[in-house]
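The values are calculated or read from the model by the stated rules, or taken from the named source; none is laboratory data. All of these numbers come straight from a predicted model, not from anything done at the bench. Cβ placement follows ideal geometry from the backbone for every residue including glycine, while neighbour counts extend to all protein chains displayed. Just so you know, the surface numbers come from the protein's heavy atoms only, side chains and all, with ligands and any DNA or RNA stripped out. Shrake-Rupley method; radii C 1.70, N 1.55, O 1.52, S 1.80 Å.
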Amino acid sequence: MPDPRTMHIGELAERTGLSLRTLRHYDDIGLLTPSARTAGGFRLYTAEDESRLLLIRRMKPLGYSLESMGELLDVISGLDAAPDDPSLRDRLVEITTEAIERRDRLRDQLAAAEEFVSQLSAR
């Protein structure tokens, strides 16, 4: 019997707005491995898995590659295990700086798109 604090892939997909295919792909490439499996082989996910998946989903609009997403998850996992590791802390600062730059570029693109739509609507 599965742990009541776990969820099957369908529930995780519904809760995160991602497709079953995407979740299976993330498992296949090792980006998000289920915490457990049922005796029948069905994937089981925890709230921590859901949090990791939501982090991945938030990286997608910023144009991160799957490899970069995996690196960030590795840094976070490493910091969970060794919070004072200076090299992991430094890498997290670098990733954060890059995320800010990506967000700012996206904000600029959105502003340009808003101007474009306004110009079209004014005609």
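Pop a pseudo-label 7 angstrom from the Cα along the beta-carbon direction at both Leu54 and Asp104 and give the gap in nm to one decimal.
2.8
Percent of accessible area on the chain owned by carbon and sulfur, 1.4 Å probe?
Values: 4490 of 8370 Å².
Of the solvent-accessible surface of the chain, carbon and sulfur hold 54 percent.
Taking H placed 1.01 Å from N in the peptide plane, check which residues at least 5 places from Ala36 or on another chain put their amide H under 5 Å from its amide H.
When sequence neighbours closer than 5 places are left aside, the close amide H contacts are Leu44.
Could you provide, to the nearest whole Å², the per residue accessible area of the chain with probe 1.4 Å? Mind showing how you got there, number by number?
Numbers: 8370 Å² over 123 residues.
Normalised by residue count, the accessible surface of the chain is 68 Å².
Per residue, how big is the convex hull around the C-alpha atoms of the chain? Give it to me in cubic angstrom, could you?
Working: hull volume 16.1 nm³, N = 123.
Value for the chain: 131 Å³ per residue.
Determine ³J(HN,Hα), in whole Hz, for all residues of region 102-107 in sequence, where each value follows from phi through the Karplus function 6.51 cos²θ - 1.76 cosθ + 1.60 and θ = phi - 60°; x replaces Gly and Pro.
For region 102-107, the Karplus curve yields 5, 4, 5, 5, 5, 4 Hz.
Return the sequence-ordered ³J(HN,Hα) values of region 53-66 in whole Hz as given by the Karplus equation 6.51 cos²θ - 1.76 cosθ + 1.60 applied to θ = phi - 60°, using x for Gly and Pro.
5, 5, 5, 4, 4, 6, 7, 4, x, 8, x, 5, 6, 4
Take the chain, connect every pair of alpha-carbon atoms lying under 10 Å apart with a spring to form a Gaussian network, then pick out the residue of Ala111, Ala82, Ala36 with the largest mean-square fluctuation.
Ranking Ala111, Ala82, Ala36 by mean-square fluctuation puts Ala111 first.
What is the dipole size for the chain, taken about its Cα centre, with +1 at each Lys and Arg Cβ and -1 at each Asp and Glu Cβ, in debye to the nearest 20? Show your work: numbers first, answer last.
Values: 17 positive and 22 negative charges, 115 e Å.
The calculation lands at about 560 debye.
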